[in-house]
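**Q** Supplied in structure tokens, the structure appears directly below.
All of the numbers you see were taken from the coordinates with simple rules; none came from a lab. Every value quoted in this text rests on a predicted model; they were computed, and no experiment measured them. Virtual Cβ from ideal backbone geometry, glycine too; neighbours counted across all protein chains shown.
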Amino acid sequence: MPPGRLLGVAAAIACLPVLVLILLVATGAAAPGPALTGVAVVVAGALLLALAWTRDTARLVAILRHAERNEPLALAHAAAAIRLPPLARLARAIERLARTLAHRAAEAEQRLRATETILDRLPDPLLVLAPDRSVRRANAAARAAFGADIPAVLRHPGLRAALDRAFAKGGPQIADLSLPVPVPREVQATVMVLDPPLADGGVAIAVLSDRSRERAVERMRADFVANASHELRTPLASLIGFIDTLRGPAADDKPAQKRFLGIMAEQAQRMNRLIDDLLNLSRIELSEHQPPAEAVAIGEIVQRIAASFEPRLAARRMRLELDVAEGLAPVAADADQIEQVLQNLVDNALKYGREGGAVRVAAVPARPPARPGVVLSVADDGPGIAREHLPRLTERFYRVDKGRSRERGGTGLGLAIVKHIASRHRGQLTIESEEGKGTTFALWLPAAPPPGP
Ligand SMILES: Nc1ncnc2c1ncn2[C@@H]1O[C@H](COP(=O)(O)OP(=O)(O)OP(=O)(O)O)[C@@H](O)[C@H]1O
Ligand SMILES: [Mg+2]
């Protein structure tokens, strides 16, 4: 403690009583001896008081410093050392205030952290933008979706225009962006200006929702309607054409009439098949969220319907090889739909397989690493399917060779139906094909859960 300050405080305390004593001696109201003793006592007392005062005020300064640094233990220690009662009371008040402030700061910090966690874990990518429109923060979804490409996303003219509108008008602004990097995708950006700005200086947020799937579904739906109408229009146009011919030029030509009626019946059957398949597909789709619960013995179904293929096998001089494992575990399945899968796959093997070749139908237990269940497979030794077609084979109306499929009465819906049945059964369809060697369709079906008590 600086001595000058100590003396200054002592002088401030003692100056008035000492002056009074000197005045009393000067006017003769007090004897010099006792007055000098009084002065000595006052000076000694003032020195002691000044010592306590300066020490305690220095401790108060230390207390405030501890409060600022949030050091509760050191603060309590310094407060306990204060001697002068008014300063001790002040120290206790500071201690209480410091505790309240620390509590509030902890609460605010917790709230901030909770908000940040929510933002970070939002499933949609979210960017917090600084006033210069650079990224102040990006949540986990944004980092995962765009990574190092975030600045490129922010440079997108559509997003920049939405930001301009948001700053000009306030309120959320939406922009649809087509992003070519890192993978082509369709993103819907919702931009909002933050008023007041965030504590970290963020002035706007951009939520970037990936809409690629929805857009693909929309496109697929539109394609589906176009494809279905096209598939119906072709036989319908042919029917109308023949009706006109029968009414006009061929009105009296009996042999031509017989031939045309045969073709017309074929076209009408084709339309009928197409409509049946479409209805079937939509029925399966409607029940897709509801997996079947019935325990079904797949082996029995295979054995039962194998005989029904005989006439068609004979027509193409093909043979059927059956491999049904003994004691197959039952699967949770819809027997009619499993039958439909077999029908569609064997039908394809018969239509596109090698004339005089073999169709192998197997139902065997799934082998690890596949989960427990049964694998139902249909394989042929036909011309196979080129690799580039495999991913699209289960799309509705997708045909490798349209002409050949049509000529054999195909609607292009058989494998789409198989895929939807597989997905309703929570199963897995795999297609393996080698050109010139043949194709194998395999459907893994999960084992039925053991019966309840
Ligand atoms: N075993 C196979 N070998 C070679 N190509 C096949 C085989 N199975 C299917 N394909 C090809 O996949 C396409 C789609 O098959 P899908 O069963 O969905 O339709 P489709 O047989 O043409 O008509 P549908 O089954 O509705 O009568 C077929 O057109 C054919 O080109
Ligand atoms: Mg088919």
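**Q** Going Cα to Cα from Lys402, which lysines come in below 27 Å? Please leave out same-chain ones fewer than 8 positions away.
**A** The qualifying lysines are Lys351, Lys419, Lys437.
**Q** Related question: Relative contact order for the stretch 96-147: what is it in percent, counting Cα pairs under 8 Å that are at least 6 residues apart?
**A** 27
**Q** Would you mind ranking Thr234, Thr411 by Cβ crowding within 10 Å, fewest neighbours first?
**A** Least crowded to most crowded, the residues run Thr234, Thr411.
**Q** Still on this model: Name the residue from Asn272, Gln428, Gln337 whose Cα lies farthest towards the positive end of the charge dipole of the chain, charges +1 on Cβ of Lys and Arg and -1 on Cβ of Asp and Glu.
**A** Gln428
**Q** Sticking with this one: Based only on Cα atoms, what Rg/Rh ratio does the chain have, Rh being taken as Kirkwood's radius?
**A** Here Rg/Rh amounts to 1.43.
**Q** Could I ask something else about it? Just to be sure I understand: of the beta bridges DSSP finds with both ends in the chain, what percent are antiparallel, rounded to 5?
**A** Antiparallel bridges make up about 90 percent of those DSSP assigns within the chain.
**Q** Taking loop as defined by DSSP and a crowding limit of 12 other beta carbons within 10 Å, which trypsin sites (Lys or Arg not before Pro) in the stretch 7-106 fit?
**A** Arg69, Arg83
**Q** For the stretch 363-453, what is the relative contact order in percent, using Cα pairs closer than 8 Å and at least 6 residues apart in sequence?
**A** Once normalised by length, the contact order is 39 percent.
**Q** Ok, one more. Placing +1 on the Cβ of each Lys and Arg and -1 on the Cβ of each Asp and Glu in the chain, which of Val61, Leu119, Ile240 has its Cα farthest towards the positive end of the resulting dipole?
**A** Val61
**Q** Is the shape of the stretch 218-350 best called rounded, prolate or oblate, per the rule: a/c under 1.5 gives rounded, else a/b larger than b/c gives prolate, else oblate, with a ≥ b ≥ c the square roots of the Cα gyration tensor eigenvalues?
**A** Note, shape of the stretch 218-350 comes out oblate.
**Q** For the chain, calculate the relative contact order in percent as a whole number, restricting contacts to Cα pairs under 8 Å that are 6 or more residues apart.
**A** Worked out over the chain, it gives 9 percent.
**Q** Show me the helices of the chain, taken as full DSSP H stretches, that run 27 Å or more along their long axis by Cα and average 0.0 or above in Kyte-Doolittle hydropathy.
**A** Passing helices, by number: 3-26, 32-68.
**Q** Same structure, new question: Would you mind getting me the FRET efficiency between Asp132 and Leu101? Use the beta-carbon distance for r and R0 = 35 Å, nearest 0.05.
**A** Rounded to the nearest 0.05, the efficiency is 0.55.
**Q** Charges only on Cβ, +1 for Lys and Arg, -1 for Asp and Glu: so what's the dipole of the chain about the Cα centre, in debye to the nearest 20?
**A** Computed about the Cα centre, the dipole is about 1380 debye.
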